[in-house]
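What follows draws every value from the coordinates through simple rules; no lab data is involved. Remember, predicted model here, so these are calculated numbers, not experimental data. Every residue, glycine among them, receives a Cβ derived from its backbone with ideal geometry; neighbour counts consider all protein chains shown.
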Amino acid sequence: MQRLSVRLAAAKHRYEIKIGRRTLPEIGDEIHDCLPHRARRVAVISNLKVLRFYGTQVFKSLRASQYAVWPWLIGDGERYKTLATVQKVLLFLSEAGLERTDAVVALGGGVIGDVVGFAAATYLRGVPFLQVPTTLIAQIDSSVGGKTGVNLPHGKNLVGAFHQPCGVLIDTETLTTLSRRELVSGWCESIKQGAVGSKSLFKQTRDFLEMINANPDTFISPALENLIRSQCAFKAAIVTGDEREAPERTDHLSRRVLNFGHTVGHALESITKYRRFRHGEAVGYGMLVAGHISKDLGLLAASELELLRDTVRLAGSLPAASDLDEGAIMQAILRDKKSVDGRIKWVLLERIGRARIVDGKEITSRLVRSSIRDGLKKSL
């Protein structure tokens, strides 16, 4: 098992990310190790699909560690990432009699982690929760960093809280049950982190994609665990330096750089009512649009944009997007929650591995529209 420690000085909080094969049977020990006190009850929040795969071994481990287990299911998919779902979870936690010394487990993908994390942040003004991500995108991104929240009709993640987990337990075996599209979604987020993180992380991601495209049998391997650890290490380093995404930060180590591809990606999800794209698929297109803006501003070389496009292509095919209305995308972009002083702060690229935050006043609507056309003009 690989281990990675996350230390947040401002919050005086520390937790470990543990990565390996068949780690789920150790969840009982993990709860015991990561809590500062002895819990009596553990609420496990998941969805039916995930619980059918992993519920038995999770419950067995928790009960073997003498915890009373309280399971609860929410719907599967982005459309359940709402305040109504959070309310149901909160009522369940109250009916289960959870106390501040007890714990909540988020067992599932990014939607589960965001909803459960937000509920854990607000129930009794904050109870410990363990992230147990079962999708690639959750393992390398959303389970690390403490951002929790839900969507409103006007956009994604407009309501939420910062609530750090007590630990993250990653079992790479769970990735074998994912659909092709879920994996593509995760690979797009992996590419995003490499694109803004470092050339070495981008290369490690691309090399792994080339390897599994040539030989799918090499997927579950030490190389995968190493890649997930590298991805988590990058995310943890950014979060440690800028836990709450300080608005005044505009440097390349700002937490805001993690939003590369998300301005357009969130817009695509919103205007299609979260039914056409997986999150990472939308981010894949968003990266290409941001790449075109970067190139047309003279920041990014054409060869670097082509390298980005080719790597997104390695991740797998994306749903068609060229039929979407430009005007609707532009309106959704204007509602982006990352606006400061009424203007979008675009995350662009100077080169692969180096991001730059650019004020929206430097980018004309004509350039955005043309970049949307170029970025979405054909399915990858």
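Among S200, A233, S303, flag the residue with its Cα farthest along the positive direction of the charge dipole of the chain, charges on Cβ as +1 for Lys/Arg and -1 for Asp/Glu.
Going by the Cα projections, it comes out as A233.
Around V144, which amide H atoms from residues at least 5 apart in sequence, or from another chain, sit under 5 Å from its own amide H, with H modelled in the peptide plane?
Result for V144 returns nothing.
State the Kirkwood hydrodynamic radius of segment 62-163 in Å, one decimal place, computed from all pairs of distinct Cα atoms.
On the way: mean 1/r = 0.0729 Å⁻¹.
Computed over segment 62-163, the radius equals 13.7 Å.
Is the C-alpha gyration tensor of segment 2-177 telling us rounded, prolate or oblate? Criteria: a/c under 1.5 is rounded; beyond that, a/b larger than b/c is prolate, otherwise oblate.
It is rounded, given that a/c, with a ≥ b ≥ c, falls under 1.5.
Placing +1 on the Cβ of each Lys and Arg and -1 on the Cβ of each Asp and Glu in the chain, which of P165, L91, G261 has its Cα farthest towards the positive end of the resulting dipole?
Value computed over the given set: L91.
Can you list the HN-Hα couplings for segment 99-112, worked out from phi with the Karplus curve (6.51, -1.76, 1.60; θ = phi - 60°), rounded to whole Hz and with x for Gly and Pro?
In residue order, the calculated couplings are 10, 4, 8, 8, 9, 10, 10, 9, 10, x, x, x, 5, 4 Hz.
How big is the dipole moment of segment 2-177 about its Cα centre under a simple scheme where the beta carbon of each Lys and Arg is +1, that of each Asp and Glu is -1, and everything else is neutral? Debye, nearest 20, please.
Working: 21 positive and 14 negative charges, 35 e Å.
So the magnitude is around 160 debye.
From the list [x] 60, 45, 38; [y] 70, 55, 49; [z] 72, 56, 54, can you say which value of Cα extents along the principal axes in Å was derived from the structure given?
Checking each listed value against the structure points to [x].
Assign unit charges at the C-beta atoms only (+1 for Lys and Arg, -1 for Asp and Glu), then state the dipole size of segment 7-92 relative to its Cα centre in Debye, rounded to the nearest 20. Before the final figure, lay out each step's value.
On the way: 16 positive and 7 negative charges, 13 e Å.
So the magnitude is around 60 debye.
Would you work out if segment 290-380 is rounded, prolate or oblate? Take a ≥ b ≥ c from the square roots of the eigenvalues of the alpha-carbon gyration tensor; rounded if a/c is under 1.5, else prolate when a/b is larger than b/c, oblate otherwise.
Numbers: a/c = 1.87, a/b = 1.16, b/c = 1.60.
Cα axes put segment 290-380 in the oblate bin.
Filter K12/K361; K88/K192; K49/K199; K156/K345; K192/K345; K235/K295 down to the pairs with a C-alpha to C-alpha distance above 28 Å, please.
Result: K12/K361; K88/K192; K49/K199 exceed 28 Å.
What aspartates and glutamates does K18 reach when the alpha-carbon gap must be under 17 Å and sequence neighbours fewer than 8 apart in one chain are set aside?
E26, D29, E30, D33, D141, D171, E173, E225
Per the helix-only calculation at 222 nm, which mean residue ellipticity applies to the chain, given -39500 (n - 2.57) for every DSSP H run of n ≥ 4 and division by its residues, nearest 500 deg cm²/dmol? Working shown, then result.
Values: 12 runs with 168 residues, N = 380.
Calculated mean residue ellipticity at 222 nm is -14500 deg cm²/dmol.
Which whole-number percentage describes the relative contact order of segment 224-380, with Cα contacts under 8 Å and a sequence gap of 6 or more? Before the final figure, lay out each step's value.
Working: 204 pairs, mean separation 42.8, N = 157.
Averaging sequence separation for qualifying contacts and normalising by length gives 27 percent for segment 224-380.
If the rule is a partner Cβ under 4.7 Å, which cysteines in the chain fail it?
C188, C232
Given H placed 1.01 Å from N in the peptide plane, which residues other than close sequence neighbours of L349 have an amide H under 5 Å from its amide H?
S294, R356
Dipole magnitude of the chain about its Cα centre, charges +1 at Lys/Arg Cβ and -1 at Asp/Glu Cβ only, in debye to the nearest 20?
380
What are the ³J(HN,Hα) values, in whole Hz, obtained from phi via the Karplus relation 6.51 cos²θ - 1.76 cosθ + 1.60 with θ = phi - 60°, for each residue of segment 236-249 in sequence order, with x given for Gly and Pro?
5, 5, 5, 5, 4, x, 7, 4, 10, 6, 4, x, 7, 6
Can you run phi through the Karplus equation (6.51, -1.76, 1.60; θ = phi - 60°) for segment 80-87 and list ³J(HN,Hα) in whole Hz, with x for Gly and Pro?
3J(HN,Hα) across segment 80-87, in whole Hz: 8, 8, 9, 5, 4, 5, 4, 4.
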